[in-house]
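Have a look at the structure below, then the notes.
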Amino acid sequence: MDKPVIIFGAKGIAKSALEIFESNGIVVYGFLDPDKALHQSEINNIPILGDPGDQGFLKLIGQKCEAFVATDDNDLRRDLVETLVSSRKTMPVNAIHKEAKISTFGEIGHGNFINAGVIIGPGAKIGQHCILNTNTCLEQDVELGDFVQVGAGSTINEGVKIGKNVFIGSGVTIVAGVTIGKNARIGAGSVVIGNVGEDATVFGNPAVSVESKK
């Protein structure tokens, strides 16, 4: 990547994204964040320049700068991606830590956050704009839809299929061959041994529907 990067968002995973880009020798031009209280401050000497909607900065995207969306708020993440694609015809770049291990037979889309210690096995397919936190392990032939978030230390075993917008907490284990429907949520520390339906929330070992525990 030859161009510097503007990071959209200055909270949550933004600091980690900055570390990833800088550790890979990529210049970060600055941050854009909707919180006006953060404007004109800095993160590790990199300025928070202004609002994501500021056309002066948006005009840099796709010409002089690349963009990365660094927020774990999926609604905001989706809105920012749509703004970049529609107004600048630019897809956000990936932020991939140099200590992540990605199989040469894996497939990765655009705009993903892949932190240190992440393992992506052969045949795995990662969609767009996913967040894979520290020490996440995706075994062979795992498939992730767009905007999936996986918490630190989670293990997703062989052949698991995960739909769009799924949230997986930290320390989760999903056994081989399971299917997780879109918009599902899996609580931290859960062990998922069966399929999870769309929009469902599950928790526990073994994971069961939150509603069924009442």
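With 0.36 nm allotted per residue and the present C-alpha distance subtracted, the residue 116-residue 209 stretch has 30.4 nm of extension available.
On the basis of the beta-carbon distance and an R0 of 30 Å, residue 198 and residue 98 show a calculated FRET efficiency of 0.25.
Once the chain from residue 40 to residue 24 is taken as fully extended at 0.36 nm per residue, the excess over their C-alpha distance is 3.2 nm. Take every Cα pair under 8 Å whose residues are at least 6 apart in sequence, average their separation, divide by the length of the chain, and the relative contact order is 11 percent.
The alpha-carbon atoms of the range 96-206 define a convex hull whose volume equals 62 cubic angstrom per residue. Couplings for the range 11-16, taken from phi via the Karplus curve 6.51 cos²θ - 1.76 cosθ + 1.60 with θ = phi - 60°, read 10, x, 7, 4, 5, 5 Hz in order; Gly and Pro are left as x. The range 123-155 and the range 36-95 have Cα centres separated by 23 Å.
Could you check what % of the DSSP bridge pairs in the chain are antiparallel, to the nearest 5?
Working: 5 of 47 bridges.
Restricted to the chain, the bridges split so that about 10 percent are antiparallel.
Rounded to the nearest 20 debye, the dipole size of the chain about its Cα centre is 80 debye, using +1 on the Cβ of Lys and Arg and -1 on the Cβ of Asp and Glu. Of the chymotrypsin sites (Phe, Trp or Tyr not before Pro) found in the range 88-194, those in coil by DSSP whose Cβ has at most 15 other Cβ atoms within 10 Å are 105. With neighbours defined as other Cβ atoms within 10 Å of a residue's Cβ, the residues 138, 18, 60 order from fewest to most as 60, 18, 138. Scalar couplings 3J(HN,Hα) for the range 27-37, obtained by applying the Karplus form with A = 6.51, B = -1.76, C = 1.60 to θ = phi - 60°, are 6, 9, 6, x, 10, 10, 8, x, 7, 4, 5 Hz; x denotes Gly and Pro. Run the Debye formula on the Cα coordinates of the range 5-93, all scatterers equal and no solvent, and tell me log10 I(q)/I(0) at q = 0.14 1/Å. Scattering profile of the range 5-93, log10 relative to I(0): -0.41. Helix 74-88 against the longest principal axis of the chain: what's the angle in degrees, Cα atoms only, rounded to the nearest 10? On a 0 to 90 degree scale, this one is about 50. Give me the base-10 log of I(q)/I(0) for the chain at each q in 0.08, 0.13, 0.19 Å⁻¹, Debye formula, one uniform scatterer per Cα, rounded to two decimals. Once normalised to I(0) and log-transformed, intensities are -0.28, -0.72, -1.28. Taking the DSSP bridge list for the range 5-93 and keeping only pairs wholly inside it, about 15 percent are antiparallel. For the range 129-214, relative contact order (Cα pairs under 8 Å, six or more residues apart, normalised by length) works out to 20 percent.
Every number here is computed from the coordinates shown, using simple stated rules; none is lab data. Everything quoted here is computed from the prediction, not taken from an experiment. All Cβ positions, glycine included, derive from the backbone under ideal geometry; neighbour counts span all protein chains shown.
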